[in-house]
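Structure record follows, encoded as structure tokens.
The values are calculated or read from the model by the stated rules, or taken from the named source; none is laboratory data. Quick caveat, the model's predicted, so the values are computed rather than measured. All accessible areas refer to the heavy atoms of the entire protein, side chains included, with ligands and DNA or RNA removed. Shrake-Rupley method; radii C 1.70, N 1.55, O 1.52, S 1.80 Å.
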Amino acid sequence: MTEYVILLAPSANRVYADQAARLVGAELAILLHQDAALDRVTLAGVEYLAVRVADPAELAPLGFGSATLALYRKDDDHLLPVRLDRPDEFDDDLVTIPKYSGKTNEQFTRLLINVTLAARPAARADRPRRPSILDPLCGRGTTLSTGLTLGYDVNGVELDPAAFEAYAAFLRTYLRRKRIKHTLTVNPVRRDGRHLGSRLEATIAPRPDRQFKITVFTGDTRQSAALYGQRRFDAVITDAPYGVAHGSHGAGRKASGRDRSAANLLAEAVPVWAEQLRPGGALGVAWNTYGLSRTDFASIATRAGLIMVDGGPYAELGHRVDSSINRDILVAIKPQ
Ligand SMILES: C[S@@+](CC[C@H](N)C(=O)[O-])C[C@H]1O[C@@H](n2cnc3c(N)ncnc32)[C@H](O)[C@@H]1O
């Protein structure tokens, strides 16, 4: 076994304050299919995450990591830099340019996608199929753009037409400005002559041999299965409304005054999302535990026929964001 150490991007501390090493240690353990979060080590006053592997090829998934800055092999007292291949298909400004209130942090979004996809049994296959992702509360598209960057096909549903329009406009301008080959259309969705909303469809080819597809509908997430029909996804990944800063559109307020609508929304939407998963597909939801406890959310997922993934490093993903938000990630699998 050889020991390697991983240096984290300093920006990870801005996202999670002093919790970055724990969260990223859990994320990287999940990507490497290890049973426990990676240990922290301090060398010459600098903190790293440590991992031991028999074959350096096992470390390839580290390039997907949300905060992996550099990898070193530890040789006695020396650190030898090791090349890390990144999967990124687009410049990181695809995800960082849009700035708006209610945006999910970009690094956290990448972590959310990684820990969800890695929970699928198919993620352990030698040559896993390229996964398709649905973000059924996609806002202005942070999950969609991050998913594209990681090389996945992405799909979304968003209630707010202004958020949908803003993402469509951004994507169109970005792809033109970067001269990336693509087709992008926004069309009305009609049924029985009634205007139901809009659909964005795009095919994006950053390289001649790589082509990604993106579809986004405006609409209520509880209608997501009706909007996508027979289509099934390898993962449903979303950052749920926090019931604090930017609110949600469901009904209900608790006596304490805390907006309980995210809890109601999740109770109604999770069964719909579960139906849209392929067997062996994964649900990954980031949410505020102050509006819905982990135990209550787990029973919503279990009632929808999903199997919770909550041992080892998956139990290390909860963290404080501010005085009104304690964020956690629920991951569950649809049985095969
Ligand atoms: C936490 S935000 C997601 C932000 C997104 N990840 C981003 O960075 O742009 C939750 C989103 O859910 C949307 N939403 C709330 N209730 C909804 C519903 N019933 N159906 C569809 N979207 C809904 C909100 O409009 C908001 O854009």
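A few points about this structure:
- q = 0.17, 0.20, 0.24 Å⁻¹: log10 I(q)/I(0) that the Debye formula gives for segment 2-82, counting C-alpha atoms only: -0.61, -0.85, -1.24
- For the chain, the per residue solvent-accessible surface stands at 46 Å², with DNA, RNA and ligands left out and a 1.4 Å probe.
- Where both bridge residues fall in the chain, DSSP classifies roughly 75% of the beta bridges as antiparallel.
- With all projection directions averaged, the alpha carbon convex hull of the chain covers 18.1 nm².
- Within the accessible area of the chain, the carbon and sulfur atoms contribute 48%, probe 1.4 Å, all protein chains present.
- Measuring only protein heavy atoms, the 1.4 Å probe finds Arg52 accessible over about 130 Å².
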